[in-house]
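Single-structure report; data block below.
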Amino acid sequence: MLLENVNQPADLKGFSVEQLETLAADIRQFLIEKLSATGGHLAPNLGVVELTLALHYLFDSPADKFIFDVGHQAYVHKILTGRKDRFDTLRKYKGLCGFIKRSESEHDVWEAGHSSTSLSAAMGMALARDAKGDSNRVIAVVGDGALTGGMALEALNHIGHERKNLMVVLNDNEMSIAPNVGALHNYLGKIRSDRHYVKAKEDLEHLLKKIPAIGGTIAKTAEKVKDSLKYMIVQGVLFEELGLTYLGPVDGHSLPHLLDVLKQADNVQGPVLVHVLTTKGKGYTPAEADSFKWHGISPYKIESGKVLKSVSAPPMYTEVFGQTLMKLAEQDERVIAVTPAMPGGSGLLEFAARFPGRMIDVGIAEQHAATMSGALAIEGMKPVFAVYSTFLQRAYDQVVHDICRQNLNVAFAIDRAGFVGADGETHQGVYDIPFLRHVPNMVIMMPKDENELRHMMKTALEYDNGPIAYRYPRINGTGVELDEELQVIPIGEWEVLREGTDAVLLAVGPMVQIALQAAEQLQQQGQQVRVVNARFIKPLDEAMLRQIAKEGIPILTMEESTLEGGFGTAVLEFYVKHQLAVPAMRMLGIPDCFIEHGSILDQRREVGLTVENAIEQVQAIVPLQKKRALS
C-alpha cells in the first residue's frame, strides 16, 4: 500500500495526481478495516478522503491552519499527520481521540465536538495572523449541516465584513447526522443544480473589464448588469452577498478538479468559499446506502456490513423514551416533539413516521429549538425538547431568558446525561445539573431505571407549573418490568429503597444501582445502610433531608455529574441554609476536570464512581461507636 510510505504531510508533496488517487483508495481501505474493529465515525471520513488529501498536498500544515468543524471528519487528517499507527486505539481509554485533539499533534489547531465553531475560530486566527504580520493560510472545513447553526452565520457575516484572507471549504454532503432541513439546505440545492454559474460570472467580469472607464454612469450600469445576471443564474447568491468569493460546486471526489479549484481559491484576495460536493460513506457500499446509520458505527463485519452486537440486553433508555413518547402522544394531541437534527439519536424516528405533523426537526439550531418550544407552550401545546445534555449547553440563554423566566411548560428530555463513553470530553453530559438547577422555576428529575423514566415522562406531561426536565443516560436499562399504566410522581418526593441507620446513600440515576450493590456488601460486614433514590434533583425532598438530620445519620451523595454545583452541593446548601447538621457528609461525583474518551466503565473508575469506592467512603463516615461495636 502506498499509505505505508506516508507518515507526514510533506511525504505527499512529490506525488502525482495518479498516486494521490491510489493513496485515496488505500486510505479508504484502511478506514474500513480499522473501524470494523474499533467503531467510530466512518461515513463522514470516507466522504472527505480526496478533500483532505488535496488540502495537505497543496498547503503546508501546521504553518497553514486547518480548522475542522466538529472534528469527526478528521480521521484522514490524523492518518496523514503521523497517527495511523495508533488507529487500533481509536476512541478507547487513553487511546487516539475520535475528534481533533491539540495535545495529540501540532497539526491539530482547534478542538470541537460541537458543530458551527470553525468559522469563528478561523476568523480569530486570521485576525491574529495579520496582527502579527504573518502570511500563513487559514482554512476552515465546515459541513453544510453546520450552517444552520446561528454561530456559523454570525461568523460568515463578520468574515465578509472584515475581508481578511481566509478560505472556507464547504463540505456539502447534504447531511449532518440526520438529513439536513431548512432554507439553507434548499438554497445549496439550487446551487448544486446550476453548475454554469461560476463560468458565466467569470465571462461577464472579463467582458466588463474591457468596457472603457468613461464615467461613473457606465461603471454603475455595468455593475447592475453583472448583478442582474448573477440573480438570474442563482437565486439569492447568499455567500457573495455576505462578501465571500464563491467558487464551485466542485466534485469532491475528483482530485484534478479539487486541486484546480483550491489553487484558484488560494489566489483570491479576501475571503473565499469553495463549495465541495461529497458523498458520505464514499467507497463502502453499506455506508453509502445508509449514511445515517454509518455516521457513527459500532464494530462491524466488513463483508456484510453487519454490526457486531453484544448479547441480548435490555433496551436503551433512548429507545424507551421514544416508545413512551408515542404512547403519550396517542393520549394527548398537544404533545409535539422537537429535535435539533437528532431524530435518530434521540429515538424519534418512529415517532416522526407515526406523527409527522407533530415532529419538528429544526436542524443544528438548539437556541432556536428552545425558544420555539417556549412559544409552542404559550399557545397551549406540550413541547418535548429532546436534546443531548452536551447540546443543551448551546441553548443556555434561551432556557434561562425565554423559558424559565416566563415559566413556560416546556419538557426537556435530556439524553446522554452522565458519561457518554467513546465520544469523550466534548460530549460528556455532566454539566446540565449545575447549569439548570440554579435557574428559578426549573424542575429536574432523573430515574433509577427505565420504568421510572416512563412515569417521569407522564409526570412532565401533566405538570402545568413551568419547565420540567428529565435526564437519562446513554446506557441500557436495568431490565425491569415496564408498567402498563403510567403514574404521576409527586414533585420533589424521593424513594427509600433500602432501610438502614448507620449511613444513608442519596443516589441519583444509574448511581442508585451502585448504591444498592454497595449497601448489600456493607450488610455482609454488619453495617445497615439506607439507600434513597433521590430522583428529584430540584426540588429536593426537604422533609426527608430534615428527617435524616434529626436521626443523626451520616450521608454519602452519589451522582454521575460534576460535583461543583451538582446534586451533592444542593444537599449541602440545604443544610447550611436551614442550619441543620449531620454527623458527616461526603460526595461522590465528577471532579473539576474534563474526563476523556473510553468506555463508561473506564470513566466511572477514573473518578471513583464504583461500588468499591462507595463502600470505602461509607466506612470512613460510619460513627466511631459503630466501628468499635463491629470490632
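What follows is calculated from the coordinates using simple rules that are stated; it is not laboratory data. Just so it is clear, the model here is predicted, and its values are computed rather than measured. No Cβ is skipped: glycine too gets one built from the backbone with ideal geometry, and neighbour counts run over all protein chains shown.
Points to keep in mind about this one:
- Its Cα centre serving as origin, the chain has a Cβ charge dipole (Lys and Arg +1, Asp and Glu -1) of approximately 620 debye.
- FRET efficiency, 1/(1 + (r/R0)^6) with R0 60 Å, evaluated for His578 and Ala353 via beta carbons: 0.75
- GluC sites (Glu not before Pro) within segment 469-530, DSSP loop, no more than 10 other Cβ atoms inside 10 Å: Glu481, Glu484, Glu485
- Considering only the chain, percent of DSSP beta bridges that pair antiparallel, nearest 5: 15 percent
- Among the listed pairs Lys293/Lys458; Lys280/Lys306; Lys78/Lys263; Lys34/Lys448, those whose Cα-Cα separation exceeds 25 Å are Lys293/Lys458; Lys34/Lys448.
- Per-pair calculated FRET efficiency, R0 = 35 Å: Asp397 and Ala620 via Cβ, rounded to 0.05: 0.25
- Spatial separation of Cα centroids for segment 486-540 and segment 95-157, in angstrom: 45 Å
- Identified option (computed log10 I(q)/I(0) by the Debye sum over Cα atoms at q = 0.06, 0.07, 0.08 Å⁻¹; candidates (1) -0.38, -0.51, -0.65; (2) -0.33, -0.45, -0.60; (3) -0.45, -0.61, -0.78): (1)
- Taking other Cβ atoms within 10 Å as a rough exposure proxy, Ser16, Ser389, Ser120, Ser312 sort from fewest to most as Ser312, Ser16, Ser120, Ser389.
- Extension gain (nm, one decimal) between Ser312 and Val496, 0.36 nm per residue minus Cα-Cα: 63.2 nm
- Calculated on C-alpha atoms, the gyration radius of segment 311-424 divided by its Kirkwood radius gives an Rg/Rh of 0.97.
- For segment 243-296, the equivalent ellipsoid derived from the alpha-carbon gyration tensor has semi-axes of 29, 12, 7 Å in decreasing order.
- DSSP-assigned coil residues among trypsin sites (Lys or Arg not before Pro) in segment 36-107, each with at most 15 further Cβ atoms within 10 Å: Lys94, Arg102
- For the chain, calculated [θ]222 nm from helices alone, where every DSSP H run of n ≥ 4 adds -39500 (n - 2.57): -12000 deg cm²/dmol
- Potential lengthening between Arg334 and Gln524 on full extension [0.36 nm per residue; Cα-Cα distance subtracted]: 63.3 nm
- With only the Cα atoms considered, segment 349-414 has a convex hull volume of 81 Å³ per residue.
- The listed peptides 146-157, 282-293, 163-174, ordered by packing as a protection proxy, come out as 163-174, 146-157, 282-293 (highest mean of other Cβ atoms within 10 Å first).
- Each Lys and Arg adds +1 at its Cβ and each Asp and Glu adds -1 at its Cβ; summed about the Cα centre, segment 317-471 shows a dipole of about 180 debye.
- Extension gain, Gln8 back to Gln513 (0.36 nm per residue minus Cα-Cα distance, nm): 177.0 nm
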